[in-house]
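Novice: I have a structure I would like to understand better, so I am pasting it below and will then ask my questions one at a time.
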Amino acid sequence: MKLADVPLRDLLRNPIVPYETDEVTRLICDSHDAEAFAPIGHLTVGEFRDWLLSEQATGDRLKALAPGLIPEMAAAVSKIMRLQDLVSVAAKCRVVTRFRSTIGLPGRLSTRLQPNHPTDDLKGIAASILEGLSYGNGDAVIGVNPAADNPSRVDALLHLLNRIREHYDIPTQICVLAHVTTQMRALENGAPVDLVFQSVAGTEAANTAFGVNLALLDEAWQAAKELKRGEHVMYFETGQGSALSADAHHGVDQQTCEARAYAVARRYQPLLVNTVVGFIGPEYLYDGKQILRAGLEDHFCGKLLGLPMGCDICYTNHAKADQDDMDALLTLLGVAGCNYIMGVPGADDVMLHYQSTSFHDALYVRSVLGLKPAPEFEAWLERQPVLMPEQWLLT
Amino acid sequence: MAIDLRAFTPARVGLGRSGNSLPTVELLRFQLDHARARDAVYDELDPPGLGVPHILLRSAAADRETYLRRPDKGRRLNPESRARLETGSYDAAIVIADGLSARAVHRHAAHLLEELMPRLAAEEWRLAPLTVVLGGRVAIGDEIGQRLGAQLVAVLIGERPGLTSPDSLGVYLTWDPRPGRTDAERNCISNIRTDGISYARAAHRLHFLMREARARRLTGVALKEEAPRLGDAGGAPETTP
């Protein structure tokens, strides 16, 4: 049977990973909204593609449909869509979230400022942050990947980021992307946590490999919500290949596993979700063409399922890809209405050893597509004289 | 006042701009660095050049292209290599693997061992024979450690080459190694290289983790790294080579 002829209802009735042994499947099935699904419940995968591209599928209708869709439907239809289809439909789905800045509005493109340093040197991180801010980056979050998952280091990084944010009164969020348990410990110690981060995957077994499960994420979400900072307090990263690399994919293709990770993220009404599309390496996405396709599939599936989707447009040095491939994906995602991208100094992450998009790249895509940063951040940028490095750099 | 941000970080700051893009000199520098990093992936390990006695092993990935496309093969020994390992009873096994940067292994593995071995000898650790594996990924240490009968395995492996760091070594520590262990069950020390974490600091942290692992009979996310600081240090990326 052709994929295009499969009724969407069949995907709902036949979980691809067993309900009994996988809590992600249970989450998907138990939270499915049958009423929201009803308007398209009679369609096949192929008919669903036609419907998505039609004038009937307005932004409002797509938003109302999201709780009625399961990841397997989004993944299935994406497989029979060309790149332009993935762009067209995603561009109709606006998902807006808010903390100190509002992310995902039409005509806006935000960035995560990613100031990583190989030894978590505080001055080095501060230097990258100042550079990024001066290029108008950082309106989605200022987020550091710590080199070591060490509680005292994570505390020190959170205090540094918070000091910079408060000093310049920047309408953005901070995050240190340690393991969720380390962030919970920091939170208990009273460190200035804005967003709680975790990498998530689409099967229970793959999440086990990340050292998480839904109960732990529930606990982290609860703790973050108790700070009373608003309704969007979580940040998730995902990426095709995470389940396969942990041998936790149950024979399911990596893109369907990826879409299932969005079901995990969706439970927590996150501020930010991004696929780290070429990060895991050529073992999973071999070259620039595969990374391009995967980035657009992930963004489409995430948006269709109602997530505030961004993308770390990236590749590793053992993949057959280069900065030209990143330019192509960046431009297409800009057209598709991607919520945010990464801002890494010179596109070179000197701690994680991969290439992403640069501060310059954000200026490029905003300029050619007429996009602006988040409104609060844009207003802040207009108020700024030239940023002066403060004493933590000068002493 | 003007301040040169490049004094504070090896990150590519202070590049300047041509319109919204990079100045030509920076664009070309990036492309040269990328070409060098790509080359580093295809460098081959020369085991005698390591200068340490070892048992030489090979993974099931016969060549570099297979290694890149089939991570499963890089995690298992080939049958001849498996037969070469005799089971004993050891506190720990140390495995050196080329991973994604043979250059990193050549430059740093022996130096790191020079710092580590005296610390372990002072505590009378029973160490399995040192093994060197070609075409190996982190998880191949699980099979090697299990076959050798080691309670703990430390894999020294070439990390994927970065643009400014084509020679970075990582160490992954796994308690009770056996095939099927997940990354959440390992501890990692990353960025061991000239401009990253020094051999002495890496050995200090590895020794601390090995002692903790033995005392608590586990590794992974439950074993938080709270070694008393010996200066500054580096650590764990999200995925393993």
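Novice: Between segment A:21-35 and segment B:62-87, what's the alpha-carbon centroid distance in Å?
Specialist: Centre-to-centre distance over Cα atoms comes out at 39 Å.
Novice: Also, I was wondering about something else. Seen from all sides and averaged, what is the projected area of the convex hull of the Cα atoms in segment B:1-157, in nm²? Mind dumping the intermediate values first?
Specialist: Values: hull surface 53.6 nm².
For segment B:1-157, the mean projected area of the Cα convex hull comes to 13.4 nm².
Novice: List every residue whose amide H lies under 5 Å from the amide H of A:TYR340, counting only residues 5 or more places away in sequence or on a different chain, with H placed 1.01 Å from N in the peptide plane.
Specialist: The list, which skips near neighbours in sequence, is A:SER110, A:GLY310, A:CYS311.
Novice: For segment A:39-55, in order, what is each residue's ³J(HN,Hα) by Karplus, 6.51 cos²θ - 1.76 cosθ + 1.60 with θ = phi - 60°, in whole Hz (x at glycine and Pro)?
Specialist: These are the phi-based 3J(HN,Hα) values: x, 10, x, 9, 8, 8, 4, x, 5, 5, 4, 4, 5, 4, 7, 6, 5 Hz.
Novice: Roll a 1.4 Å probe over the protein chains and send me the accessible area per residue for segment B:53-238 in Å².
Specialist: With the other protein chains kept in place, segment B:53-238 gives 38 Å² per residue.
Novice: ³J(HN,Hα) across segment A:181-189 via Karplus (A = 6.51, B = -1.76, C = 1.60, θ = phi - 60°), whole Hz, x for Gly/Pro?
Specialist: Calculated HN-Hα couplings, in order: 5, 5, 5, 5, 5, 4, 4, 4, 6 Hz.
Novice: Looking at this model, which pairs from A:LYS320/A:LYS372; A:LYS92/A:LYS320; A:LYS2/B:LYS73; A:LYS92/A:LYS289; A:LYS63/A:LYS225; A:LYS2/A:LYS289 are more than 26 angstrom apart at the alpha-carbon?
Specialist: Where the Cα-Cα span goes over 26 Å, the pairs concerned are A:LYS320/A:LYS372; A:LYS92/A:LYS320; A:LYS2/B:LYS73.
Novice: Separate question: For chain A, what is the charge dipole size about the Cα centre, in debye to the nearest 20, if Lys and Arg each add +1 at the Cβ and Asp and Glu each add -1 at the Cβ?
Specialist: Working: 33 positive and 49 negative charges, 165 e Å.
Roughly 800 debye for chain A.
Novice: Could I ask something else about it? Can you give me the % of accessible surface on chain A that is carbon or sulfur? Probe 1.4 Å, all protein chains present, nothing else counted.
Specialist: Summing carbon and sulfur atoms, their accessible area is 52 percent of the total for chain A.
Novice: Work out the mean other chain Cβ neighbour count within 10 Å for the residues of B:161-168 and drop it here as an integer.
Specialist: 5
Novice: Under the Karplus relation 6.51 cos²θ - 1.76 cosθ + 1.60, θ = phi - 60°, what is the ordered set of whole-Hz ³J(HN,Hα) values for segment A:154-160, x standing for Gly and Pro?
Specialist: Each residue of segment A:154-160 in turn: 4, 4, 4, 5, 4, 5, 4 Hz.
Novice: So, by mean Cβ neighbours within 10 angstrom, what's the order for A:211-217, B:193-199, B:80-86 with the highest one leading?
Specialist: My ranking of the peptides, most packed first, is B:193-199, A:211-217, B:80-86.
Novice: B:ILE96's amide H: which non-local residues (gap 5+, or another chain) put their own amide H closer than 5 Å, with H modeled 1.01 Å from N in plane and none for Pro or chain starts?
Specialist: Under 5 Å from the amide H of B:ILE96: B:THR131, B:VAL132, B:VAL133, B:LEU156.
Novice: Roughly speaking, what is the centre-to-centre gap between segment A:274-312 and segment A:111-158 when only Cα atoms are used, to the nearest Å?
Specialist: Cα centroid to Cα centroid, the span is 23 Å.
Novice: Right, another one. Could you pull the Cα extents of segment A:229-325 along its three principal axes, largest to smallest, in whole Å?
Specialist: 42, 33, 20
Novice: Carbon-plus-sulfur fraction of the accessible area of segment B:53-238, 1.4 Å probe, in percent? Don't jump to the answer; show the numbers that get you there.
Specialist: On the way: 3340 of 7010 Å².
The value for segment B:53-238 is 48 percent carbon and sulfur by accessible area.
Novice: Please work out the average accessible area per residue across segment A:126-268, using the 1.4 Å probe convention, and give it in Å².
Specialist: Numbers: 3980 Å² over 143 residues.
The answer is 28 Å² per residue.
Novice: Binning every alpha carbon pair distance of segment A:7-51 at 5 Å from zero, what are the percents per bin?
Specialist: 5, 21, 26, 22, 16, 8, 2
Novice: Any idea how far apart A:GLU35 and B:ARG216 come out in nm if each label point goes 7 Å out from Cα toward Cβ?
Specialist: Going by the 7 Å Cα→Cβ label model, 4.8 nm.
Novice: What number does the protein assembly as shown give for Rg over Rh if you use C-alpha atoms and the Kirkwood radius?
Specialist: Radius of gyration relative to Kirkwood radius: 0.96.
Novice: Please give the calculated 222 nm ellipticity per residue for chain A, where each DSSP H segment of at least 4 residues contributes -39500 (n - 2.57) and the sum is spread over every residue; nearest 500 deg cm²/dmol?
Specialist: Working: 19 runs with 183 residues, N = 395.
Taking each H run of at least 4 residues, the total per residue is -13500 deg cm²/dmol.
Novice: With no solvent and one point per C-alpha, what does the Debye sum give as log10 I(q)/I(0) for segment A:148-284 at q = 0.09, 0.12, 0.21 Å⁻¹?
Specialist: These q points yield log10 I(q)/I(0) values of -0.28, -0.49, -1.23.
Novice: Moving on. Which listed residue (A:PHE300, A:VAL17, A:SER358) has the Cα farthest towards the positive end of the charge dipole for chain A, taking +1 on Lys and Arg C-beta and -1 on Asp and Glu C-beta about the Cα centre?
Specialist: About the Cα centre, the residue reaching furthest to the positive side is A:PHE300.
Novice: Continuing with this model, one more query. Would you mind getting me the FRET efficiency between B:GLU80 and A:GLN84? Use the beta-carbon distance for r and R0 = 56 Å, nearest 0.05.
Specialist: Efficiency, from the Cβ-Cβ distance: 0.65.
Novice: Over all directions, how big on average is the projection of the convex hull of the alpha-carbon atoms in segment A:36-164, in square nanometres?
Specialist: Numbers: hull surface 43.1 nm².
That works out to 10.8 nm².
Novice: Between 0 and 90 degrees, rounded to the nearest ten: what's the tilt of helix A:359-369 against the longest Cα principal axis of chain A?
Specialist: Helix A:359-369 sits at roughly 50 degrees to that axis.
Novice: Summarise the partner chain shielding of B:193-203 as one whole number: the mean count of Cβ atoms from other chains within 10 Å of each residue's Cβ.
Specialist: Details: counts 1, 0, 3, 5, 4, 1, 0, 0, 1, 0, 0.
What the average comes to for B:193-203 is 1.
Novice: With runs of 4+ DSSP H residues as the only contributors, calculate the mean residue ellipticity of chain B at 222 nm using -39,500 (n - 2.57) per run, divided by the residue total and rounded to the nearest 500.
Specialist: -10500 deg cm²/dmol
Novice: Can you give me the orientation-averaged projected area of the convex hull built on the Cα atoms of segment A:170-223, in nm²?
Specialist: Answer in nm², one decimal: 4.1.
Novice: Now a separate question. For segment B:53-238, just run the numbers: alpha carbon Rg, then divide by 2.2 N^0.38 Å, N being how many residues it has.
Specialist: Normalised Cα radius of gyration, segment B:53-238: 0.94.
Novice: List the accessible area buried at the contact between A and B, summed over both sides and calculated with a 1.4 Å probe, in Å² to the nearest 100.
Specialist: 4800 Å²
Novice: Let me ask something additional. Measuring from label point to label point, each 7 Å out along Cα→Cβ, what is the B:ALA121 to B:ASP72 span in nm?
Specialist: 4.4 nm
Novice: OK, next. Rg and Dmax of segment A:266-395 over Cα atoms: what are they, in angstrom?
Specialist: 16.1, 49
The values are calculated or read from the model by the stated rules, or taken from the named source; none is laboratory data. Keep in mind it's a predicted model, so treat the numbers as computed, not measured. Glycine also receives a Cβ, built like all others from the backbone with ideal geometry; neighbour counts cover every protein chain displayed. Please note that ligands, DNA and RNA were not included when accessible areas were found on the heavy atoms of the full protein model with its side chains. Shrake-Rupley method; radii C 1.70, N 1.55, O 1.52, S 1.80 Å.
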